[in-house]
Amino acid sequence: MFSNLVFDSDLSAEELRGFARTVREIEWLLLVLVLLYHAVLVPDHESSTALAMAMFFFGAFVLAFHYVNFYRTETYWKLASETWVMIVFITWVLMYTGRLESPLLNLYLLVVIASALILGKSTTLLQMVLIAACYLWLGYPERNQALTFSSYVTTLTAQLAPLVLVGYITTMLSSDIRHALVQIKSLSETDALTGVYNMRAFSVLSDNVSRQAERYSRPFALLMIDSDSLKTVNDRHGHEAGNRLLKLTTRCIQTQLRESDLVARYGGDEFIVLLPETPCSGAVSVANKILNSIQSTPLPIRDQSVHVTASIGVAGHPEHGNSLEDIKEKADKAMYASKAAGKNRVTVYTG
């Protein structure tokens with residue numbers, strides 16, 4: 001019901017923008033390091049020209065992708081393609097700075113770290129295979145002429161081992177960090193007791209639904225639900241029983257909702273439900289189903305079953321207003337009208 005706010009295998013737009021900034025900084029770092037090498041160590045004319053061309057094309061690539069809006073939307077595959085271009089750039093540079101004897105050979109580590117932090121295990125493994133192929137292309141065919149097969153494999157393994165180790169450790173750390181962020185994000189968006197949205201998260205999502213409804217003249221409805229029995233249960237059986245009642249009420253509400261509907265704990269013993277694409281008549285039907293579910297599900301306490309009820313108020317767009325706050329206020333008034341009329345009922349706002 002509330003998984004769309006919590007991080008999963010797909011990166012959110014905000015995370016993609018953050019990762020794109022990280023990749024951009026790594027790209028500039030690569031460019032600066034190669035520029036320093038070119039300026040300080042003064043390669044021969046042929047190498048100097050090749051390095052200048054490499055820096056020009058790589059710099060143009062970075063500018064196009066990050067500053068000229070050549071590629072406006074950040075995506076997973078855009079980030080992956082940038083790491084592949086980084087590998088091509090580094091390989092080109094190594095060709096003219098000593099191949100596998102180049103002091104810039106460890107630039108591949110930047111690509112591995114970026115991939116492990118951002119793109120996950122599978123893509124990092126693919127990057128490692130591509131880098132290993134670059135190692136072979138840069139020098140191992142010549143070395144193989146003077147090495148036995150076992151020496152050849154041992155030397156290649158020794159060269160690649162630091163890259164594999166850095167990639168593995170960084171991937172594990174990234175996985176742990178993301179798992180911790182998922183937990184933190186979940187706690188910040190859900191009510192600790194009932195597991196449904198808190199009002200902070202509900203406000204963000206409901207505002208989006210409200211704006212869409214206003215723009216396209218689509219209906220939506222709000223239900224305000226208040227438990228009639230919480231105070232009595234707390235007084236007679238204790239607050240632990242009251243907490244169990246709130247959890248029971250939450251389950252009864254959720255069983256009657258669609259995947260697209262939103263439910264949040266409004267505070268205390270009140271809940272708020274948003275029903276997108278639902279007129280008031282449909283919302284009343286949902287409210288009655290919720291009421292019947294709560295009525296027919298007694299709360300087990302020790303050796304007895306306690307009958308519980310709820311009062312529900314209904315208001316909708318556009319019948320009762322255009323703004324979300326207006327409709328929320330009117331649904332709240334309708335809920336108090338249900339209580340005033342004897343509780344355990346559904347009331348539609350009538351003004």
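With R₀ fixed at 45 Å, the C-beta to C-beta distance from L173 to V40 puts the FRET efficiency at about 0.85. Evaluated on region 222-283, the Kirkwood hydrodynamic radius is 12.5 Å, with distances taken between all distinct Cα atoms. Residue-wise HN-Hα couplings along region 251-261, as the Karplus relation 6.51 cos²θ - 1.76 cosθ + 1.60 with θ = phi - 60° gives them from phi, are 4, 4, 5, 5, 5, 9, 10, 7, 5, 7, 6 Hz; Gly and Pro carry x. For chymotrypsin sites (Phe, Trp or Tyr not before Pro), the sites in region 24-119 that DSSP calls loop and that have at most 13 other Cβ atoms within 10 Å are Y67, F70. Average 1/r across all pairs of distinct alpha carbons in region 52-125, invert it, and you get the Kirkwood radius: 13.3 Å. Which trypsin sites (Lys or Arg not before Pro) in region 224-302 pass both tests, a DSSP loop state and at most 12 other beta-carbon atoms within 10 Å? Answer by residue number: R258, R302. Mean projected area of the Cα convex hull of region 199-348, taken over all directions, amounts to 8.4 nm². Past 20 Å, Cα to Cα: identify those pairs from K247/K289; K289/K339; K78/K121; K231/K328, in the order given. Correct reply: K231/K328.
None of the figures in this text is laboratory data; all of them are computed from the coordinates on show. Note that the structure is a prediction, hence the values are computed from the model and not measured. Positions of Cβ are backbone-derived with ideal geometry, glycine not excepted, and every protein chain shown enters the neighbour counts.
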